[in-house]
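Rule-based calculations on the coordinates, nothing more; no lab input. Predicted model, so just to flag it, every value in this text is computed and none were measured. Note that we place each Cβ from the backbone using ideal geometry, even for glycine, and neighbour counts take in every protein chain shown.
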Amino acid sequence: MKILASQVEKKFRQEFVIKNFNYTFQAGQSYAITGPNGSGKSTLINVLSQFSLPTQGSIQYVKGDQEIASEDSFRHITFVAPYTELIEEFNPMELIDFLKKSNYLPGYFDIEAFEDYSELKISHHKIIKNFSSGMKQKVKLSLAMASQRPILLLDEPTSNLDEKAKFWFKQKLKTQPDKLIIIASNEQEEINQCTQNLSILDYK
């Protein structure tokens, strides 16, 4: 699996946040997008996920030698950020069932598998709205990494996590060797987990 970014630019009002971004992201590699706060890391990862469209240029997803239609790209992506939302009216069992039906999670993944994977012991009937911010983030990361989709995009993944949960994330990320992983971060611990490093400041 590959993501091909060609001549990508993103402008808000009259200001370019990203200019002349050309890059090929490959499966089996992990990439850190780095830069200070407000520099455009989140903007770039949103463009790469096609949650936001570039002002100019193109993003292509390629599997083998076959380009994936843009309207089908979401089927290959998991994306986690502090600003992405869970369905907070669901309890964990309802959320897992919903994600299995939408082919986001494999069929064998049930509430027991979730508890084992996430190392969270929570009431099966407690609605997600009543979880702490750290628990919500850990739920999002658990579901994304348990998914079998080949592209994993993470924006500031350890936001709201305590030290124990950060260690859990570090260990779980090591179990994703075949995926294409992109992490937008200025946390050195997260950057060190990636095999490639791209500074957003090089594309201004």
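For residue 155, enumerate residues with amide H under 5 Å from its amide H, sequence gap 5+ or separate chain, H modeled in the peptide plane. Those lying under 5 Å, H to H, from residue 155 are 80, 81, 184. The distance separating the Cα centre of the stretch 27-41 from that of the stretch 1-17 comes to 14 Å.
Among 45, 87, 183, the largest mean-square fluctuation in a Gaussian network model of the chain (Cα springs under 10 Å) belongs to 87. Across q = 0.11, 0.17, 0.18 Å⁻¹, the stretch 127-204 modelled as identical point scatterers on its alpha-carbon atoms has Debye log10 I(q)/I(0) values of -0.30, -0.70, -0.78, in the order of the q list. Neighbour counts of C-beta atoms inside 10 Å place 13, 75 in the sequence 13, 75, starting with the fewest. Exposure proxy for 41, 179, 164: other Cβ atoms within 10 Å of each Cβ, ordered fewest to most, give 164, 179, 41.
Exposed loop sites were defined as chymotrypsin sites (Phe, Trp or Tyr not before Pro) in DSSP loop states (anything but H, G, I, E or B) carrying at most 10 other C-beta atoms within 10 Å; in the chain the longest segment without such a site runs 109-204. For residue 29, nonlocal amide neighbours, meaning residues 5 or more places apart or on other chains whose placed amide H falls under 5 Å from its own, are 181.
Near the amide H of residue 50, within less than 5 Å, lie no amide hydrogens of residues on another chain or at least 5 residues away, with H placed in the peptide plane.
Using a Förster radius of 30 Å, what is the FRET efficiency between residue 4 and residue 178 based on their Cβ-Cβ separation? Nearest 0.05, please. Efficiency, from the Cβ-Cβ distance: 0.95. Percent of Cα-Cα pairs more than 28 Å apart in the chain, please. Result: 27 percent of Cα pairs exceed 28 Å. The stretch 47-107 and the stretch 158-181 have Cα centres lying 19 Å from one another. The phi-based Karplus calculation (6.51 cos²θ - 1.76 cosθ + 1.60; θ = phi - 60°) puts the 3J(HN,Hα) values of the stretch 194-204 at 9, 8, 10, 10, 10, 8, 4, 5, 6, 10, 10 Hz, whole numbers, x for Gly and Pro. Listed values for the stretch 80-88 are Karplus-derived 3J(HN,Hα) couplings in whole Hz (6.51 cos²θ - 1.76 cosθ + 1.60, θ = phi - 60°), namely 10, 8, x, 8, 7, 10, 8, 7, 6, and x replaces Gly and Pro. The modelled label-to-label distance for the pair residue 120/residue 103, using points 7 Å beyond Cα in the direction of Cβ, is 2.6 nm. Within the straight-line cut-off of under 23 Å between alpha carbons, the lysines reachable from residue 170 are 41, 121, 136, 138, 140, 179, sequence neighbours fewer than 8 places apart in one chain being disregarded. In the stretch 86-157, the convex hull through the Cα atoms has an average projected area of 4.6 nm², a quarter of its surface area.
Take each peptide in 191-198, 135-142, 150-157, count the other Cβ atoms within 10 Å of every residue, and average; sorted highest first, the result is 150-157, 135-142, 191-198.
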